[in-house]
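Undergrad: Could you have a look at this structure, given as structure tokens, before my questions?
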Amino acid sequence: MNFKTLILCFLAAAIFWLLNALNKSGYTSKMNYPLEIIYNDSLYIPITPLPKTVKVSLSSTGWNLIRDNFSLNASPLIYVVENPLKEKQLSSSALQESLSAQLKGSKINYVDSDTLLLNFERKYRKKVKLKVDSLGVDLEKNFVIASLINITPAEVIVEGPASELKEYPDTFFLKVPAKNLAVNFDEKITIPFPKKSLVKNNAESAAVSFEVAELLK
């Protein structure tokens with residue numbers, strides 16, 4: 001028997017042993033299984049990121065564990081949060097029951113609940129009026145604002161958790177950036193919203209226009 005044939009024999013034996021071993025049960029593995037959390041997003045908002053996976057310990061045959069760990073088309077586990085203001089953590093027992101039905105052929109040893117915390121607040125909407133700080137407009141000497149100040153939109157709707165909307169006043173005052181203004185003004189001005197990632201608004205800027213005239217001497 002030459003060396004090449006010997007190597008092929010060892011390789012065939014190793015493959016046979018591996019296939020046989022993978023058919024046996026009693027293997028244990030940990031995995032991150034995809035998770036999708038469903039809640040009423042028209043009424044509530046999570047103020048901390050929701051978990052996207054659940055850590056689980058499985059026992060099964062080698063083949064099943066390979067399938068469960070490397071399946072590219074695994075359907076995410078669906079978890080419905082019925083009362084977001086009261087539920088502070090996902091139920092490990094409910095997750096384990098759902099996983100058992102989804103990962104048939106594998107035993108769920110436990111679900112790691114350390115990363116399954118929830119933190120919701122009620123979602124609110126607030127109308128914020130927009131005005132221009134007319135006294136702060138920098139006009140050329142002997143020039144005055146000679147018309148009504150038009151602002152479009154006149155108000156903005158902001159939406160987010162109650163704790164963060166507290167920093168939004170009922171009225172935002174826009175500052176006209178022009179210096180020594182001696183001509184009519186018609187520009188868009190950025191609304192000075194606080195930087196809050198969980199708060200959304202329906203406008204980032206407002207169109208401001210007004211006429212300027214020189215006082216007669």
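A short reminder: the numbers here are calculations on the coordinates, not readings from a lab. Quick caveat: nothing in here was measured; it's all calculated off a predicted structure. Please note: Cβ atoms are built from the backbone with ideal geometry, for glycine as well, and neighbour counts cover all protein chains shown.
Undergrad: Cβ under 11 Å from V80's Cβ, V80 left aside: what net charge do those residues give with Lys, Arg +1 and Asp, Glu -1? Can you show the working numbers first?
TA: Values: positive: none; negative: E36, E82, E87.
With Lys, Arg at +1 and Asp, Glu at -1, the neighbours total -3.
Undergrad: Identify, among S100, L135, L77, the residue whose Cα sits farthest towards the positive end of the charge dipole of segment 68-168, taking +1 on the Cβ of Lys and Arg and -1 on the Cβ of Asp and Glu, with the dipole about the Cα centre.
TA: Towards the positive end, the residue furthest out is L135.
Undergrad: Nearest 0.05, what FRET efficiency do S197 and L117 give at R0 = 30 Å with Cβ-Cβ as r? Intermediate results must be reported in sequence, preceding the final value.
TA: On the way: r = 19 Å, r/R0 = 0.62.
Once the sixth-power term is evaluated, E becomes 0.95.
Undergrad: Using θ = phi - 60° and the Karplus curve 6.51 cos²θ - 1.76 cosθ + 1.60, what whole-Hz ³J(HN,Hα) does each residue of segment 151-156 get, with Gly and Pro shown as x?
TA: Taking θ as phi minus 60°, the curve returns 10, 10, x, 7, 8, 10 Hz for segment 151-156.
Undergrad: Report, ordered by chain and residue number, the aspartates and glutamates lying within cross-link reach of K30, taken as a straight Cα distance under 19 Å and ignoring same-chain residues fewer than 8 apart.
TA: D68, E97, D112, D114
Undergrad: Right, next: Please state, as a whole number in µm²/s, the translational diffusion coefficient that the Stokes-Einstein equation yields for segment 105-204 at 4 °C and 1.567 mPa s, with Rh defined as the Kirkwood radius across alpha carbon pairs. All intermediate terms of the calculation are to be shown ahead of the outcome.
TA: Values: Rh = 17.2 Å.
For these conditions, the coefficient is 75 µm²/s.
Undergrad: Could you tally the net charge around N201, taking each other residue with its Cβ under 14 Å from the Cβ of N201, Lys/Arg +1 and Asp/Glu -1?
TA: Overall, the nearby charge balance is +3.
Undergrad: Among the lysines, select those whose C-alpha is under 16 Å from the C-alpha of K131, and discard any that sit fewer than 8 residues away in the same chain.
TA: K175, K188
Undergrad: What nm distance separates the two modelled labels at V183 and S147, each placed 7 Å from Cα along Cα→Cβ?
TA: Simple spin-label model gives 1.5 nm for this pair.
Undergrad: Taking the simple approach of a point 7 Å from Cα along Cα-to-Cβ for both K86 and A154, what is their distance in nm?
TA: 4.4 nm
Undergrad: With label points built 7 Å along Cα→Cβ from the Cα atoms of K52 and K127, find their separation and express it in nm.
TA: 3.8 nm
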